[in-house]
Amino acid sequence: MKPKVYVTRKLPSKRAMDLLFKYLDVDLREEEVPPSKEEMIAHLEDKDALLCLLTDRVDAETIRSAPKLKVISTYSVGFDHIDVEEATARGIYVTNTPGVLTEAVADLTWALILAITRRIVEADRCVRTPGCWRIGWAPDFMLGMELNGKTLGVIGLGRIGTAVARRAKGFGMSIIYYDVIRREDLEKELGVKYVPLKELLKEADVVSIHVPLTKETYHMIKEEELRLMKSTAYLVNTARGAVIDTNALVKALKEGWIRGAALDVFEQEPLPADHPLTKLKNVVLVPHIGSATYETRAKMADMAVDNLLSVLAGKRPPNLVNPEVLKIRPLEKVKMIELKE
Ligand code: NAP
């Protein structure tokens, strides 16, 4: 009998889907909206594996009600939607898809930086609105901020933060960063400078967030931090919405503590169309599309399936989030299949 897997969405890679069906008994969810908690619990009751998305909440209760579960493979690098502590305690392997989406998210971050500092979305809207573009060219029309010579502040100099910093060099920006650890190798290679968070917020002309969402980073940027930023500065977030206190950000944007913000991620997703953020001119909002390229989404699918099959084959998966689990339930105890080369 093949191991049973619950796959919460069809993935955009033929290779990945073929592999799943070759080795596993697949319970594939056809709907687009994320499963409810009740649905997750009902489907996981007899499953050995779960392949989920970042929109699927895998909390402690859900994990506890899946007695056979051996692996949770998420189709994302972020794993804040999974109770990893509970999974580890129960000997469940958790895997993610780091690296393959780094360049796509760094590109999107730069698309947002350029869009907000040069008012691209606002300008596009103006061209389409009768009466807005009245004079062909004017010295003070649609002015934005020049990036050359300015300072980029990167919060979280990990994979994506580093890729964003690399691109900043091409725009002639100085780069400062804040992270839990000093990255002396990158300080030399990229000429980036470590500063404490408060200093970064005071000095940067563009602040870009790249930390994971954890207990420590939840509302890392709230009223106090926003008030430290320059009134001419911009805030960009392609990490997770809850790293910023949204209510404080709305206040900051309305009252001009900062000049603008560009966001790919939100505390509430989808962002309601009547949310206060949607009423502001000095924001650019995109619907969590950081990794949304054909190439990246296919690579993520392959990686998520390879991770999942590795665990069931009793092999250490390439991207294990909770290595402590190896001691709790060794790989030979979760082995159910033999992978053919
Ligand atoms: P990463 O390589 O782990 O980078 C995160 C960096 O933040 C690491 O250097 C980490 O340090 C640091 N960090 C962790 N906690 C911190 C704290 N409390 N204060 C300061 N720095 C802290 O991850 P990544 O691949 O770059 O991805 C970053 C995040 O981007 C993901 O977690 C995900 O939420 C988000 N993301 C969003 C999209 C999107 O579609 N918008 C796509 C992919 C990823 P340590 O390594 O020491 O922990």
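Quick look at the values:
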{"read-out": "Every residue from the stretch 111-144 that is assigned to a helix (DSSP H, G or I), in contact with a helix residue (DSSP H, G or I) (Cβ under 9 Å, 6 or more places away or on another chain) and open to solvent by 80 Å² or more (accessible area, probe 1.4 Å)", "value": "120"}
{"read-out": "Tally, over the stretch 1-22, of residues that are touching a helix residue (DSSP H, G or I) at 6+ places or on another chain (Cβ under 6 Å) and aromatic (Phe, Trp, Tyr)", "value": "1"}
{"read-out": "Any hit, the stretch 231-246, residues being over 20 Å from residue 204 (Cβ atoms), at pLDDT 95 or above, assigned by TED's automatic domain parsing to the domain that holds residue 152 and touching a helix residue (DSSP H, G or I) at 6+ places or on another chain (Cβ under 9 Å)", "value": "yes"}
{"read-out": "Filtered residues of the stretch 185-230 (kept if in a helix (DSSP H, G or I) and of a type in the set (Phe, Trp, Tyr))", "value": "none"}
{"read-out": "The stretch 278-301 - residue that is in a helix (DSSP H, G or I), within 16 Å of the ligand (Cβ to nearest atom) and not polar (S, T, N, Q) and, of those, farthest from residue 99 (Cα to Cα)", "value": "294"}
{"read-out": "Total residues in the stretch 23-49, condition touching a helix residue (DSSP H, G or I) at 6+ places or on another chain (Cβ under 6 Å) and under 12 Å from residue 69 (Cβ atoms)", "value": "3"}
{"read-out": "Only listed residue being out of contact with any Asp or Glu (no Cβ under 9 Å at 6 or more places or on another chain) and in contact (Cβ under 8 Å) with a residue 12 or more places away in the chain, chosen from 33, 58, 26", "value": "26"}
{"read-out": "Count of the stretch 58-81 residues which are open to solvent by 10 Å² or more (accessible area, probe 1.4 Å) and either at pLDDT below 95 or within 15 Å of the ligand (Cβ to nearest atom) (or both)", "value": "5"}
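So that you can scan it fast, the table gives a plain yes or no per residue for (1) touching a Pro at 6+ places or on another chain (Cβ under 8 Å); (2) open to solvent by less than 60 Å² (accessible area, probe 1.4 Å):
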residue	(1), (2)
222	no, no
233	no, yes
236	no, yes
250	yes, yes
265	no, yes
270	yes, no
289	no, no
293	no, yes
302	no, yes
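The values are calculated or read from the model by the stated rules, or taken from the named source; none is laboratory data. The structure displayed is predicted, hence computed values, not measured ones. Quick reminder, even Gly has a Cβ in these numbers, built from the backbone with ideal geometry, and neighbours come from all protein chains shown. Remember, those area values only see protein heavy atoms, side chains included, never the ligands or the DNA or RNA. Shrake-Rupley method; radii C 1.70, N 1.55, O 1.52, S 1.80 Å.
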